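Presented below is the structure to which this report refers.
Values quoted throughout were computed directly from the atomic coordinates according to the rules given, and no laboratory measurement underlies them. For clarity, every value in this text was computed on a predicted model and none was experimentally measured. Backbone-built Cβ (ideal geometry, glycine too); neighbour counts: all protein chains shown.
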Protein chains: 2
Amino acid sequence: MSGKTAKLPRAGEGKRGVDGHLAYLLRQAHAAVRQALEKALAPAGITHPQFVALTLVRAYGSLSGAELARLAVITPQTANTITSNLVRMGALTRSPDPSHGKVLRLALTETGRSLLARARPHAEAVERDLAATLPAELEGPMRQWLVRVATDLGDPSRER
Amino acid sequence: MSGKTAKLPRAGEGKRGVDGHLAYLLRQAHAAVRQALEKALAPAGITHPQFVALTLVRAYGSLSGAELARLAVITPQTANTITSNLVRMGALTRSPDPSHGKVLRLALTETGRSLLARARPHAEAVERDLAATLPAELEGPMRQWLVRVATDLGDPSRER
DNA sequence: TCCCATTTATCAGAGGGCTGATATATTAGT
DNA sequence: ACTAATATATCAGCCCTCTGATAAATGGGA
């Protein structure tokens, strides 16, 4: 009994299939999507978190670092890391809020705008691939579940 | 019109709800689960990736670094980072494969075994919380979808 | 008014994840 | 038998993510 010699499963087999832990399956699915996104975005010269940050700044107007962190479900420190890189790349600017004195408002530069425009089609292709895996009658319930996971497991822990 | 002043949504609202991109919702859900897991495992003195590695070594017997990487859906380099930390912590040993000469086989130490035993209940609590968010009639289809995402978006990219 | 709790930004340090590159071992092919 | 392809381990460097700690600005109450 020196060790188990069972053949190792591939994605979709054994514990890597429908019998695995939900947390493992969610992790596996997320890893596949993240890697697909990074591969798709690499030619545009941008990472997935950077793409998310630029998208959010564009979608919500000018954000503070703290607001970006909340929207992206990351810590303010992480948001700071990402935005610092984007500022260094010339895609974002940080300028002091006129009425607040401590808040720094993020804004897209022309570089950032064109970077985002160039990257978006690649990200949308992945989104389409992802949507294609989802039977039409499951899309609604699936979206609701994903949202529920985030609110149920995420919000309670706001007691930091 | 200096910028949009729309109130920012919380998890579950607006684009952060059922109308958001699937990739965003999946990311948001995964982030909530990962953070819940890290918070649950911290008292046991172990990180989520370390827990996954120990669990896989225990489940499949003695693994090589490359095998661990495939099972955990990470690169061999990343697996090496994690196992190096676990070896330094005394939870794993790396010993040369008797019949291969290059492969290093990972094995749990007593420390690793008790660490895993101590951590597992915390992880299982999160798994139960996660399962509780899923209506019984959706569990089957949801598991199948998560697996399909991993196989459809993950396997094709094996053309590295 | 003064103090305090909250919010924000940011530094420091650690772990995890990636790509790229290198060295070695095994296996397949010729 | 020699060579080429494959597999493994690992170094280096970068980005992302976290926790912990520090500092500054705001706003509310005693």
Region B:78-136: relative contact order as a whole-number percent, Cα under 8 Å and 6+ apart: 23 percent
What gaps in nm, shortest first, separate A:Thr111 from its twins in the other copies when you place the label 7 Å past Cα toward the beta carbon? 4.7
Using packing as a proxy for protection, rank B:101-111, B:50-60, A:73-83 so that the peptide with the highest average count of other Cβ atoms within 10 Å comes first. B:50-60, A:73-83, B:101-111
Which cross-chain or sequence-distant (5 or more) residues have an amide H under 5 Å from the amide H of B:Ser64, H modelled 1.01 Å from N in plane? B:Leu106
Using θ = phi - 60° and the Karplus form 6.51 cos²θ - 1.76 cosθ + 1.60, what ³J(HN,Hα) does each residue of region B:141-151 get, whole Hz, x for Gly and Pro? x, 5, 4, 5, 5, 4, 5, 5, 4, 5, 6
Beyond 23 Å, what share of the Cα-Cα pairs of region A:47-160 is found? Please give it as a whole percent. 42 percent
Tell me the distances, shortest first, between A:Leu134 and the same position across the other copies, using label points 7 Å along Cα→Cβ, in nm to one decimal. 1.6
Nearest 20 debye, what's the magnitude of the dipole of region A:71-160 about its Cα centre given +1 on Lys and Arg Cβ and -1 on Asp and Glu Cβ? 500 debye
Residue-wise HN-Hα coupling along region A:107-117, computed from phi with Karplus coefficients 6.51, -1.76, 1.60 (Hz; x: Gly, Pro): 9, 6, 8, 4, 4, x, 5, 6, 4, 5, 5
Rounded to whole angstrom, how close does the nearest chain B beta-carbon get to the axis mapping B onto A, and which residue is it? B:His30, 2
Under 5 Å, built H, 5+ apart or other chain: amide partners of A:Leu92: A:Val87, A:Thr109
For peptide A:130-143, compute the average count of partner chain beta-carbon atoms within 10 Å of each residue's beta-carbon. 5
Rounded, prolate or oblate (a/c below 1.5 giving rounded, otherwise prolate when a/b exceeds b/c) for region A:80-131 by Cα gyration tensor: prolate
Taking B:25-33, A:31-39, B:119-127 and ranking on average Cβ neighbours within 10 Å, highest first, one gets B:25-33, A:31-39, B:119-127
At 7 Å out from Cα toward Cβ: B:His100 inter-copy label distances (nm, ascending): 5.3
Sorting B:Leu56, B:Pro135, B:Leu106 by the position of each Cα along the dipole of region B:37-144 (Lys, Arg +1; Asp, Glu -1; all at Cβ), the one nearest the positive end of that ordering is B:Leu106
